[in-house]
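Structure record follows, encoded as structure tokens.
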Amino acid sequence: MADESKPNVLVFLCDQLRIDLLSCYADTIVRTPNISALAQDSCVFERAYTPSAICSPARASLLTGLYPHSHHMFNNSTPGYSYCEHMRPGVAMIQDWVDEEGEYESAWFGKWHVGPAQDLFDSRFHHTQRPYEGGPGFLTSSHWHPNTRIAPLVESVGRGAAGTLDVGMEGFPDVVAARYSQDFLRNRDGTRPFFLTCSFPGPHSPWMVPDEWGIRYDPDDIELWANRYDTFEGKPTNQRKLRLMQDVRGEDLVQSAARPLADGAVGQTQEMKDQELKELLACCFSYLELIDQMVGEVVATLKELDLYEETAIIFTADHGDMAGSHGMMNKGAYMYDEIYRIPLLVKNPGTPQPSRSAAFVHLMDITATCLHVMTGSEQESMMGQTLHGQSLLPLVEGKGNWDRAMHYAEYHGDWYGHYSARMVTDGRWKLVWNLTDLCEPYDLENDPHELSNCFYSPEYEDVRARCFDYLMEEAQRTDDAQLRLLLPQVEIAAQGAAGL
């Protein structure tokens, strides 16, 4: 039997999940009863953030406990455009610690995207999925996203951007990740506790589900986001360009490239775009409901095996999704809450202690939390690496103080835009420092949808100064050397050049 003094650890990792799609965070029509049930046994963290709102940097931070500027997975590790397909050599990941110093049996099933899939197969996880003859092709991929390479579309939505696939439930990637996890739970040797990650590729787009699951929401029941129609007045030029690029590329799907765009507008009317977005979101919501079903089935397996009470369970996501907010889809070179805030539930082993916390926490705290669970004490480092996070167990248990009053995040570039940005927020104010563009502070109390850039308003001088101070302090603490280029007086002077 496993050592009963050492709890098991199960991490559910979603890809690109907005917190306001979960009823434990917001009033939503999306049905996620199993995640809600888990939340009722957990501490629900209301101010959890990703360090970087693209997949590979965030996932690498979860595994290393470091900000991206330390592990050097700066952008998505995707062949063809990535300039860093692998992390910095010598950086330890939590599976390395488990294999070398822990007493746990480790497993990772599902989407990887911390380098090529081969990096996962060559890693020190004791169990992972493996490609096999006749098996689904996505087993060889680092991404696992459902698309028409898996099966043909049955019902096409958004001109083929979403819909239903001619594939059975058991051949669908998110179901496969859950089934691998369940098989591991049932068939492991049981002599050691386990450290298991079930990594769902969804609800990242494309929002496609098995045809037998179907599209389960009526687009007419979906209300669009309050910040759907951002004018980008007084905001970074880069955001306007990204929005126009998105509109033009979308229009290219339905018109000849030779047809001119009148006054810079696309052929679709705003009403048509809004209706299409609602139809796409109906697919997104259906995809999330499927993932919720899989969470429920994995948790049911834990209970079937009498492992639920002795298992710490963490549910989170690598980042969020614009999904039409500010007129944007997916994520990109901007730092809005829709993509930087993430869901985070932590269920401690033993008797459930449901609670909510408004503390500022982030993905690297999960690394420290898992180490705390597995060692029985708080850890400041892992295999010689000083962690950039700290254990959440004191917050979960309602003990001790939490001295982090702000969150710090970063962006280094991807095909959405190769430039650097940093963000800091205390929940009331948010400051975004764009190295090569206008800065952005937002008053989240009076402007929760981040529509009005107030950086160049004189009355916010004290706010700017306080946020810049924290930016520089956190950069120094974690050796983020690029912040040496930050000169607040230059940023203020830029308002004249910008005509603001």
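Dividing the alpha-carbon Rg of segment 88-167 by 2.2 N^0.38 Å yields what?
Details: Rg = 16.6 Å, N = 80, 2.2 N^0.38 = 11.6 Å.
So the Cα radius of gyration is 1.42 times the expected 2.2 N^0.38 Å.
Ordered by solvent-accessible area of protein heavy atoms (1.4 Å probe), largest first, the residues S156, S325 come out as S156, S325. Lysine pairs in the chain whose alpha-carbon atoms fall under 19 angstrom of each other, counting only those eight or more residues apart or on distinct chains, come to 12.
Starting from the 7 Å offset along Cα-to-Cβ, what nm value, one decimal, do you get for the label separation of M245 and Y229? Computed distance between label sites M245 and Y229 equals 2.6 nm.
Using a Förster distance of 45 Å, how high is the FRET efficiency between Q118 and T237, based on the Cβ-Cβ distance and rounded to 0.05?
0.70
Placing pseudo-labels 7 Å out from each Cα toward the beta carbon at D221 and V154 gives an inter-label distance of 2.0 nm. Put a dot 7 Å past the Cα of R130, heading toward its Cβ, do the same for M272, and the two dots end up 5.2 nm apart.
Could you tell me what percent of the accessible area of the chain is made up of carbon and sulfur, with a 1.4 Å probe and every protein chain present? Don't jump to the answer; show the numbers that get you there.
On the way: 9440 of 19550 Å².
It is 48 percent, rounded to a whole number.
State in Å² the accessible area per residue of the chain; use a 1.4 Å probe, count heavy atoms of protein chains only, and round to the nearest integer. Mind dumping the intermediate values first?
Details: 19550 Å² over 500 residues.
It amounts to 39 Å² per residue over the chain.
Beta-bridge orientation, the chain: approximately 50 percent antiparallel, per DSSP, counting only bridges with both partners inside. Over all Cα atoms in the chain, the spread is summed up by Rg and Dmax: 22.3, 71 Å. For the pair V490 and E309, the difference between a 0.36 nm per residue extended length and the Cα-Cα distance amounts to 59.7 nm. For segment 191-250, the Kirkwood radius over C-alpha pairs fed into Stokes-Einstein at 25 °C and 0.890 mPa s yields D = 149 µm² per second. For segment 338-405, the spread of Cα coordinates along the three principal axes comes to 33, 33, 20 Å, biggest extent given first.
Taking every Cα-Cα distance in segment 440-494 and sorting them into 5 Å bins from zero, the calculated P(r) comes out as 4, 17, 24, 22, 17, 12, 3 percent.
Within 9 Å, Cβ to Cβ, of W433, how many net charges do the neighbouring residues add up to if Lys/Arg are +1 and Asp/Glu are -1?
That sum, taken over residues with Cβ under 9 Å, equals -1.
Relative to one another, the C-alpha centroids of segment 60-116 and segment 161-212 are positioned 21 Å apart. All distinct Cα pairs of segment 345-473 go into the 1/r average, and the inverse of that average, the Kirkwood radius, is 17.0 Å.
Do you know the relative contact order of the chain, to the nearest whole percent, from alpha carbon pairs under 8 angstrom that are 6+ apart? Could the numbers behind the result be given before it?
Values: 1010 pairs, mean separation 117.9, N = 500.
Across the chain, relative contact order equals 24 percent.
For the set M406, M383, the ranking by accessible area, highest first and with no ligand, DNA or RNA atoms included, is M383, M406 under a 1.4 Å probe.
Evaluated at q = 0.16, 0.20 Å⁻¹, a Debye calculation over the C-alpha positions of segment 280-394 (equal weights, vacuum) places log10 I(q)/I(0) at -0.97, -1.20. Across q = 0.11, 0.16, 0.17 Å⁻¹, segment 2-118 modelled as identical point scatterers on its alpha-carbon atoms has Debye log10 I(q)/I(0) values of -0.49, -0.95, -1.03, in the order of the q list.
The values are calculated or read from the model by the stated rules, or taken from the named source; none is laboratory data. Everything numeric in this text was worked out from a predicted model, so none of it was measured. No Cβ is skipped: glycine too gets one built from the backbone with ideal geometry, and neighbour counts run over all protein chains shown. Accessible surface areas use protein heavy atoms only, side chains included; no ligands, DNA or RNA. Shrake-Rupley method; radii C 1.70, N 1.55, O 1.52, S 1.80 Å.
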